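Report on one structure; see the data block that follows.
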Amino acid sequence: MLTDLTLTQFADQTAARNPTPGGGSVAAYIGALGAALGAMAAGFTQGRKGFEAHEVTLAAEIAKLATLRARLVALVDADAVSYDKVTSAFGLPKASEAEKSARKAAIEIALNDAMQTPLVTCRLAVEALDVLDGLAGHVNSNLASDVAVGAGALGACYRGAWVNVLINLAGLKDEMLRARVLAEGEALSARARQIEERVTSSIVRGLLG
């Protein structure tokens, strides 16, 4: 399991001449770190004088980010598994017409799975950005930079995952599916960009006074 590796081992394996972990796994892990930073900032804000009115909200944000982080971590390995299935499908025999037909069907199924995995990463990244958007308004100022870094990480997670959606989507023949995914991606991309920019700019303005 990729998630059982140390940070150094994960980086080494990513750099090695192996197809996995690839961009989808790395994007998911970056997103998990972004959610973790938000949870840390919320945790350190809890119980602080002046933030009593936000205790319930902070607890909910911490719980939400914990769930999102766990799901993003799980996608690190899920993305690698889905890519391996694509590789296996392309390696199927194609000597006869029957084998060609079976191979074609297997590739379509594998590409669909490989597309769906980073699409889930995209959705989770936007969900986590939504949480950080609220958190930015009531976080301890000493931890504001962590929220900004978390938002940046989740923005990078989204963009990386979306590219992986597109590269797999390009190989699919289902035009209706392609249209639905592209429409969802257009909306998600706009939201991810807006939230990341809003969180980062508001925190930077606050730090500059």
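The values are calculated or read from the model by the stated rules, or taken from the named source; none is laboratory data. Here the structure is a predicted model, which means the values were calculated and not measured. For neighbour counting, all protein chains shown are included, and Cβ atoms are generated from backbone atoms with ideal geometry for every residue, glycine included. With ligands, DNA and RNA removed, areas are computed over all heavy atoms of the protein, side chains included. Shrake-Rupley method; radii C 1.70, N 1.55, O 1.52, S 1.80 Å.
A compact table of results
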| item | result |
| --- | --- |
| For the chain, accessible area per residue (1.4 Å probe, heavy atoms of protein chains only), Å² | 52 |
| Segment Arg180-Ser145, extension gain: residue separation times 0.36 nm, minus the distance between their alpha carbons | 9.0 nm |
| Rounded to 10°, Cα long-axis angle of helix 55-90 versus longest principal axis of the chain | 20 |
| Helix 175-208 vs. the chain, principal-axis angle (Cα, 0 to 90°, nearest 10) | 30 |
| Positive dipole terminus of the chain, leading residue within Ala190, Gly155, Ala128 (C-beta point charges) | Ala190 |
| Dipole-positive endmost among Gly137, Thr87, Leu72 within the stretch 61-173 (Cβ charges, Cα centre) | Thr87 |
| With every protein chain in place, the chain: carbon and sulfur % of accessible area (1.4 Å) | 60 |
| Options [x] 54; [y] 46; [z] 60 - which one matches percent of Cα pairs over 22 Å apart as calculated here | [x] |
| Nearest-10 value in Å² for the accessible area of Arg103, using the 1.4 Å probe | 40 |
| Estimated D of the stretch 90-209 in µm² per second, where Rh is the Kirkwood radius over Cα pairs and Stokes-Einstein applies at 4 °C, 1.567 mPa s | 80 |
| Accessible surface, 1.4 Å probe, highest first, among residues Thr117, Thr45 | Thr117, Thr45 |
| Acute angle (nearest 10 degrees) that the helix 97-135 long axis makes with the longest principal axis of the chain, alpha-carbon atoms | 0 |
| Ranking by accessible area, most exposed first, for Lys173, Lys94 with a 1.4 Å probe | Lys173, Lys94 |
| Non-local Lys pairs in the chain, i.e. 8 or more apart or on different chains, that have alpha carbons under 18 Å apart | 7 |
| Whole-angstrom gap from the stretch 154-169 to the stretch 1-30, using each part's C-alpha centre | 16 |
| Ser202 accessible area, assembled protein chains, probe 1.4 Å, Å² | 50 |
| Only Lys, Arg (+1) and Asp, Glu (-1) charged, at Cβ; the stretch 74-209 dipole about Cα centre in debye | 280 |
| Residue list for the stretch 154-186, given a label point 7 angstrom along the Cα-to-Cβ vector of Ile109 and an amide N cut-off under 12 Å | none |
